[in-house]
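Student: Structure provided below as structure tokens; questions to follow.
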Amino acid sequence: MTRLTAHDFDPEVLQLFDGYVHGRLSRRDFLAAASRYAVGGATAATLLAQLSPSFAAPLVASSDSRLKTSYEEFPSPQGYGTVRGYMAVPAHPRGKLPAILVVHENRGLNPHIEDIARRLALEGFIAFAPDALHPLGGYPGDEDKARALFQKLDQVKSRADFVAAAGALKGLAQSSGKVGVVGFCYGGGIANYLATVIPDLAAAVPFYGSQPPAAEAAKIRAPLMIHDAGKDERILAGWPAWEAALKANKVEYQHFVYDGAEHGFNNDTTPRYDVAAAKLAWSRTVGFFKEKLA
């Protein structure tokens, strides 16, 4: 079966899907608007199903013998009380290891994000991916239900949970004390946020994440590697003001825009995945972390 890509969909359908994924359109509104693009016997519901994630083929299996994985909990007194997530570490580490906090999209800790954590562990990092939905019962195993649950979170508490998770990683017995963060979409925004509130964060890598208010740039001490999609007008609209703030405050940053790529291009479970862009962004990210967390 040929894998669908973004090129198989009308650009307007992709825009509608982005609106649906990020809560600007209801499911009913998406189906109504997308119906005019359903051709050849397809339906709007078919289009939605085709664009939605498929978790059938992770890049690194959960049973990979090179890794040890587990679900761990840490206290978060300023947040929801406890932060719970997926931990992946090399099975046979040599000495203490740097740690990376992995922040999911706006659906919680789904199988794709667990796969991302395993990929980082294979590169020699402690990787921990919290589930922001833990206070509401955790990722429900259904992307639509997860999105709906996400709207019920208190983001002040959720952000505090991510701060607590970063602190916990720094203090792990097997940790070198160097902590970085990588995040995707919602998680990219959290990666940007954490750079403004954790003075000793070693590195932050936001993938197509919303930018903080320009005034927050003055608080950043961590080097940034920012990945954006060339067709992501929503995120790119905020870039000029953010870049000006980063420059004004002499923040170390790299910004990469992947021409022709859609928002979500790194997520290999959906048709918006862009193989070339994702591979390049990932290699840059791993190299950046190995340099900054050494």
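Student: Hey, does the range 96-103 have a residue that's under 30 Å from Val21 (Cβ atoms), assigned by TED's automatic domain parsing to the domain that holds Gln151 and in contact with a Gly (Cβ under 6 Å, 6 or more places away or on another chain)?
Tutor: yes
Student: Moving to a separate point now. Please give the number of the condition Arg3 fails out of (1) among the basic types (Lys, Arg); (2) touching a Phe, Trp or Tyr at 6+ places or on another chain (Cβ under 8 Å); (3) at pLDDT below 85.
Tutor: All conditions pass for Arg3, except number (2).
Student: Filter the range 73-132 for residues that are in contact with a Ser or Thr (Cβ under 6 Å, 6 or more places away or on another chain), assigned to a loop (DSSP other than H, G, I, E, B) and in contact (Cβ under 8 Å) with a residue 40 or more places away in the chain and give the result.
Tutor: Lys96
Student: Quickly run through the range 276-291 and pick out the residues that are surrounded by fewer than 20 Cβ atoms within 10 Å (Cβ to Cβ) and either farther than 30 Å from Ala49 by Cβ or modelled with pLDDT under 95 (or both).
Tutor: Hits for the range 276-291 are Ser283, Arg284, Val286, Gly287, Phe288, Lys290, Glu291.
Student: I'm told Val163 meets every condition in (1) touching a Ser or Thr at 6+ places or on another chain (Cβ under 9 Å); (2) within 14 Å of Phe74 (Cβ to Cβ); (3) in a strand (DSSP E or B) except one. Can you identify the failing condition by its number?
Tutor: (3)
Student: Kindly provide the set of residues from the range 201-223 that are surrounded by fewer than 21 Cβ atoms within 10 Å (Cβ to Cβ) and closer than 15 Å to Gly189 by Cβ, ordered by number.
Tutor: Across the range 201-223, the qualifying residues are Ser210, Pro212, Pro213, Ala214, Glu216.
The values are calculated or read from the model by the stated rules, or taken from the named source; none is laboratory data. Predicted, not measured: the structure shown is a model, and the values here were computed from it. Note that we place each Cβ from the backbone using ideal geometry, even for glycine, and neighbour counts take in every protein chain shown.
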